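The values are calculated or read from the model by the stated rules, or taken from the named source; none is laboratory data. Predicted model, so just to flag it, every value in this text is computed and none were measured. Here Cβ is always computed from backbone atoms with ideal geometry, including for glycine, and neighbour counts include all displayed protein chains. In case anyone asks, the SASA skips ligands and DNA or RNA and just uses the protein heavy atoms, side chains included. Shrake-Rupley method; radii C 1.70, N 1.55, O 1.52, S 1.80 Å.
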Amino acid sequence: MTPPRKLHIKSYGCQMNVYDAQRMVDTLGAEGFVETADVGAADLVILNTCHIREKASEKVYSELGRLRVAKEDAARAGRTMQIAVAGCVAQAEGQEIIARAPTVDMVVGPQSYHHLPELLARAGRGERAIETEFPAEDKFAVLAKPSREAIRARGVSAFVTVQEGCDKFCTFCVVPYTRGSEMSRPVARIVDEVTQLTDNGVREITLIGQNVNAYHGEGPDGRAWTLGRLLYRIAEIPGVARIRYSTSHPNDVDDSLIAAHRDLDALMPFVHLPVQSGSDRILSAMNRKHSAAAYRTAVDRFRHVRPEIAFSSDFIVGFPGETEEDFRATLALIDQIGYAGAYSFKYSPRPGTPAADMQEMVSATEMDERLERLQALIDSQQSAFNKAAIGTVVDVLFERVARKPGQLVGRTAYLQPAHVMASDEIIGQVMPVRIDSLERYSLLGELVTATPVSRSAAPLATVGA
Ligand code: SAH
Ligand code: SF4
Ligand code: F3S
């Protein structure tokens, strides 16, 4: 028997890249590859890249420099190391990568990675294979399923892609170009995937999509289902203790999504709802197609049915033409909403996007200064939110043993890490924890009872939308 070939994969960017990387491992596993953490020992190295900001895509070229050396070392030791670039930089700059980096054997885009086995064979014949088409076939139907061992090794919380691509074309964003237009997977396929995960110990499912609440996959009744309706169906699957979804767009918040938050206990009261800016002028230049007031209305609709719901967001500072007044409108919006956390970025012009041609660039110093002010405000909101947990009893889903002996780490409904001294038998269970203190971003507490929280996974009401 030939020894298994070794695969090392490094992923950058969003949750969908994490999911894609796992599917690449599953698909190549069926071809006899096993994963290794040691780059030097790998027969195949895959960089699963992100193009969202300049810094993210630059990482690819510096990493390729290091890999060139590793590849030369392997050759001296009489081994062949193949190098593949996958993900969104591969999609956007495939030809350039081939031209600039002779060390690269294969380039494969986010919609073509199910062709990896075939590309490997072509590369084995000495061809520098590139595949960045948006193929007509459904990659999800072709990709190998994870093994039971792989699912167990990945832990109690799993991502499942339900929707991919984006038709919104915000003027700063590369995603519609790198991931292609919006598509949704059929409900039955998602249910099968979730069932396989929960049958193997997964308790928390995060449905992911670049625009997840634009989901419109085909239901078993042949009609397009909304995300809300899908959430009710997922909640019926035995073993599902917690459900999340990410990332949502404020314009796609519909009645069925709000109803799902009203009715489903398993649906976590924590929503990532990016707004980018609080200034209507900038929102319009960004082509977000919503105002700050419309965003506040969307937030209010969630809060109306679940007052304990918390929000996080993404912000861009220094979009072309952003004035101090526009920026203050963003700070004012943050004040009005009150976030549990947020990601914030300096605007980065991306080649091929409309905003890259806009004049009136905000200076680097101003961007730095605005980012600092925005982050200080978010940090103060986040720490107030975390402090409010002290003295309360919260449900924690235990994920794994912590570094400190005897300690376990889990997450609250709001994804706050919580550390507790407890036996590892409770990994995979939701348990009530009394929070005693806060250490940086982590909550410390103790188990209230030895009995898991019984949570009905079944919907409380039947779906309306
Ligand atoms: N699909 C998600 C997010 C996509 S990218 C959504 O619609 O919200 C994640 C975040 O990166 C964005 O929300 C935005 O805040 C940031 N981002 C995207 N393009 C950017 C750019 N050119 N410069 C700086 N930040 C950017
Ligand atoms: Fe990018 Fe806008 Fe689509 Fe989000 S909604 S992926 S920011 S184009
Ligand atoms: Fe990056 Fe592509 Fe995700 S650009 S953020 S990896 S969709």
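Here r is the Cβ-Cβ distance between R189 and E236 and R0 is 22 Å; the resulting FRET efficiency, rounded to 0.05, is 0.85.
Specify whether the C-alpha gyration tensor of the range 1-147 places it in the rounded, prolate or oblate class, a ≥ b ≥ c being the square roots of the eigenvalues: rounded for a/c under 1.5, otherwise prolate if a/b is larger than b/c and oblate if not. Here the range 1-147 falls in the rounded category. Unpaired cysteine residues in the chain (no second Cys Cβ under 4.7 Å): C14, C50, C88, C166.
With all protein chains in place and ligands, DNA and RNA left out, the 1.4 Å accessible area ranks D167, D357 as D357, D167, largest first.
Spatially, the range 287-348 and the range 401-417 are offset by 29 Å when compared through their Cα centroids. Farthest towards the positive end of the charge dipole of the range 28-118, among the residues G29, I97, P117, is the Cα of I97, using unit charges on the Cβ of Lys, Arg, Asp and Glu. Residue separation of Q359 and S437 scaled by 0.36 nm, minus their Cα-Cα distance, works out to 23.2 nm of gained length. Each of Y19, A70, V45 was scored by the projection of its Cα onto the charge dipole of the range 1-77, and the greatest displacement toward the positive side belongs to A70; charges sit on the C-beta of Lys, Arg, Asp and Glu. Taking the Cα centre of each part, how many Å lie between the range 178-250 and the range 70-132? Centre-to-centre (Cα) distance: 32 Å.
Within the range 107-200, the trypsin sites (Lys or Arg not before Pro) that combine a DSSP coil assignment with at most 15 other C-beta atoms in a 10 angstrom radius are R125, R128. Rounded to the nearest 0.05, the FRET efficiency derived from the C-beta distance between S62 and E325 at R0 = 41 Å is 0.60.
Put simply, when 387-400, 295-308 are sorted by average Cβ atoms within 10 angstrom per residue, most first, you get 387-400, 295-308. Pairs over the 26 Å Cα-Cα cut-off, from the set K6/K145; K6/K139; K59/K346; K289/K387: K289/K387. If R0 is 45 Å, the Cβ-Cβ spacing of V305 and R403 corresponds to a FRET efficiency of close to 0.70. Dipole check for the chain: with +1 at the C-beta of Lys and Arg, -1 at the C-beta of Asp and Glu, and the Cα centre as origin, the magnitude is about 720 Debye.
If only the Cβ of Lys and Arg carry +1 and only the Cβ of Asp and Glu carry -1, the dipole of the range 91-226 around its Cα centre is close to 340 debye.
For N48, the residues whose amide H sits under 5 Å from its own are K10, S11, Y12, A86, ignoring neighbours fewer than 5 places away on the same chain, with H placed 1.01 Å from N. Taking the Cα centre of the range 393-447 as reference, the dipole from Cβ charges on Lys and Arg (+1) and Asp and Glu (-1) amounts to some 200 debye. Structural descriptor for the chain: relative contact order 11 percent, calculated from alpha carbon pairs under 8 angstrom and at least 6 residues apart. Judged by the ratio a/c of the largest to the smallest principal axis of the C-alpha gyration tensor, the range 308-442 counts as prolate, that ratio being 1.5 or greater while a/b is larger than b/c. Specify which residue in the list Y414, A356, I258 is farthest towards the positive end of the charge dipole of the chain, using unit charges on the beta carbon of Lys, Arg (+1) and Asp, Glu (-1), about the Cα centre. Checked the options; the winner is Y414. Summarising the amide proton neighbourhood of G428: residues at separation of 5 or more, or on other chains, whose placed amide H is nearer than 5 Å comprise F398, E399. Of all DSSP bridge pairs formed entirely within the chain, close to 35 percent run antiparallel.
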